[in-house]
Amino acid sequence: MISKSLLPLIADRDLDQPIAWRAGVPVSAREFLADVARFAPELRDGGPVVNLCVDRYAFAVSLAAALVRGETSFLPPDARPDTLARLHEVGDPAFAVVDDAAIETPGLPSVLFEKRTAVDPSPDAATPAFDRDMHAVSLLTSGSTGAPQPHAKTWGTLVGNITTAVRRLSSLLDRPSLAGLTLVATVPVQHSYGLESSALLALLGGAAFDSGRPFFPADVAKALASVPQPRALVTTPFHLKTLLLSGIELPPVDLILSATAPLSPQLAAHAEQALGGKLIEIYGSTESGQVATRRPTQSEVWETFGDIRVHREQDEAGNERFVFFGDFISEPTPMADILELVDDHRFRLLGRANDLIHVAGRRSSLGYLNHHLNSIPGVVDGAFWLPDDVVDGVVRPVAFVVAPTLDAHAIIAALRERIEAVFVPRRVVHVNAFPREGTGKLTARSLREFALAHLATDTTPVQLTLDVPEDHPAFAGHFPGQPLLPGALLVAEVLEAVRGVPALSTRLGPTPTLAAAKFLSPVRPGTTLAIDLVPETGASRGLRFEVRCGDVVAASGRWTPSVAIAS
C-alpha cells in the first residue's frame, strides 16, 4: 500500500494501454515505466536537471527519471545559449538532458536520451511514487527583463492541479474519465500549459499523448490522423487561427484545448465547426497553474476548478488585484489580469493589468484593440503597438498586420467601425510574420524591437548598447601596451547585435554580406559602445550601422542579405 504522503508517477490505469504515441506507434504505460527504470541510472549525480528534450516522450521519460533520482527538473522557455547561461542566476543546474546530440549546452554537461530497441517490460514492474512535498519542477519565465524567474512546483501541487482538471474536462466531455483520449499538442512541453495539458494529463489523468510537436498546419493534420479517436488538440489562439485559415482538411477531434490568450467567440465557433469537438479555454498562470475554464461558444464567464476561489483586494501601492486561493494552490496567488467577478467561483476576463493604454484622455487595453484588429476578415495576424514618440501632443498607436489581401485603407476603415476614433491607428504596417514564441505569445520586448526595426528611418535607428569587458581575450594580442578591439571582432559584435533583433535578423537572412566597413577610432577595454542599426529603404534590404564610443564614431558600414528577402 502506498503511504498517503506518497503520490504515484502514473494514475490508476491499465498499464498495457497506450500512454504515448510515437510516429503513430503506441507505447504502453508498462513500456514507459521500463524506459524510466532504464534511463534513471544513466543520469548524472546531483541536480537540478535541465530538461531540454523536444520530443514529448523523451521529455516525459527524462522528467520521471529525474524524479526517481530525487532531482528537480528545470524547464527553461528555450535552449538559447544566453538562456542557459542565466540559469546559474536562479539555481545551480548540474547537467542537461537532450534528445538531439546537435543541441548545444555551453558550460553545462549533457546526457543524451537515445531511443533504444524495445524490450519486453516486466509485468511486475512497480509504479514509482514520490513525496507530495518533493520539489518536482521549476518552471522558468522567459527572462526578457533580466534573469529567468523560477516557479517551484511540488509533486503534490502538480497532482492536485491535474486531478481537478481531469474532473472538469471529463464532465465537459460527458465521459467518466479521460482514459483512451489521445492528446496532440502544438505547445512546447517546457511551458506550464504544455506540461500540464499534455505530458502530465497523460501520466496523472489517464490520457495518452503524441510525442511530437507539430507546428505547420499540414503537420498538425498528419499528427491528428496518426492517432486514434477519441483525440484532443492542445493549442493556442495563434496556432488555431493559422490552422483554420490554411484550408487543410482536418481529422475530427473530440476536444480542443486553448490557452495563453482569450479566444474570440467567432474563432471558437469556427474551430468547433471545422474540427467537430468542444472547444474549452483554460485560464491560469505559471505561478498558479490552471485554475479555470470556459466554453466561449456558450458563455464569456470563466468558472474555477474544484474549490478554488477568487477575490479582489488592493496591494501595498493601492492597486486593485485579483487573488486565487484554495484547493491545490499552496498560497494565495494574484493574477496579472483585470477581472469582473460574478461570485467567488466565476468571473469575466477584461484584460491584462499592464495592458492598459491612454490616448487623448481615453483608456483602452491592447488586448481589446488586438481582438478587434484580428477579427477583421483578411487579417491573418495583427498587433497594436504604442510608440514612445509623441505627435501633436498625443501618442498614436501603430497597427502591424499580416494581411496579404488588404491594404491599409481597408484595415483602418474596418477599425473605425469597431473601436473609438482616438485608437484608430494613423499608420498600418504590413509584415510577413511576428516574432512569436513557441506558445504563440508575442512578448512586449519582442514586439518593441520588431516595431522599431520596421519603423526605423535614417533619423530613427534601432539603438543598442554593448559593454566591452576589460578582460576581453582579444586584448592579449592586440597589442601589448596599446590594447584595442580588432575590426573583425567589432563587426562580428555588430552582427550579433543584429541577431538579437528578430526583424533585422530576418531582413539580412542567415548569411549576410559585409558590403562596406570603415574603422575610424580604436575601441579600448571597458568601453561602452552605442550601436545604431538603420534599415535601408528600397529594394536592397540592406542595413547600415554606426558604432560610437561616446561622441566619437569608431566604425561604420553596411550589411546586405546574400539572398534577397521579400518584404
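Of note:
- Taking a point 7 Å out from the Cα of Thr405 in the direction of its Cβ, the residues of the range 346-387 whose backbone N falls within less than 12 Å of it are 377-380.
- Value of Rg/Rh across the chain [Cα atoms, Kirkwood radius]: 0.99
- Take every pair of alpha-carbon atoms less than 8 Å apart whose residues are at least six positions apart; their mean separation over the length of the chain yields a relative contact order of 8 percent.
- Cα gyration tensor shape for the range 144-226, rounded if a/c is under 1.5, else prolate or oblate: oblate
- Three-way shape label, the range 360-430, alpha-carbon gyration tensor, a/c 1.5: prolate
- Sorting 104-113, 487-496, 287-296 by average packing, meaning the other beta carbons within 10 Å per residue, from highest down gives 287-296, 487-496, 104-113.
- On full extension, the segment bounded by Asp343 and Leu6 gains 117.8 nm, given 0.36 nm per residue less the C-alpha separation.
- Neighbourhood net charge (13 Å Cβ-Cβ; Lys/Arg +1, Asp/Glu -1) for Ser330: -2
- Gyration tensor (alpha-carbon) shape descriptor, the range 35-185, a/c threshold 1.5: oblate
- Summing Cβ point charges (Lys, Arg +1; Asp, Glu -1) relative to the Cα centre of the chain gives a dipole of roughly 1140 debye.
- Based on Cα contacts under 8 Å between residues 6+ apart, the range 289-408 shows a relative contact order of 14 percent.
- Packing-based order for 69-81, 171-183, using average beta carbon neighbours within 10 Å, highest first: 69-81, 171-183
- Label-point separation in nm, Arg499 to Val380, each point 7 Å along Cα→Cβ: 2.7 nm
- Using a simple spin-label model with pseudo-atoms 7 Å out from Cα toward Cβ, Arg418 and Ser299 lie 2.7 nm apart.
- Calculated mean residue ellipticity, 222 nm, the chain: -7000 deg cm²/dmol, from DSSP H runs (n ≥ 4) at -39500 (n - 2.57) each, averaged per residue and rounded to 500.
- Spacing of the two label points (7 Å from each Cα toward its C-beta) at Ala433 and Lys115, in nm: 2.5 nm
Each value in this text was obtained by applying a stated rule to the coordinates, not by laboratory testing. Computed from a prediction, not measured in an experiment: that's the story for all the values here. A quick note on method: Cβ atoms are made from the backbone with ideal geometry, for glycine too, and the neighbour counts reach across all protein chains shown.
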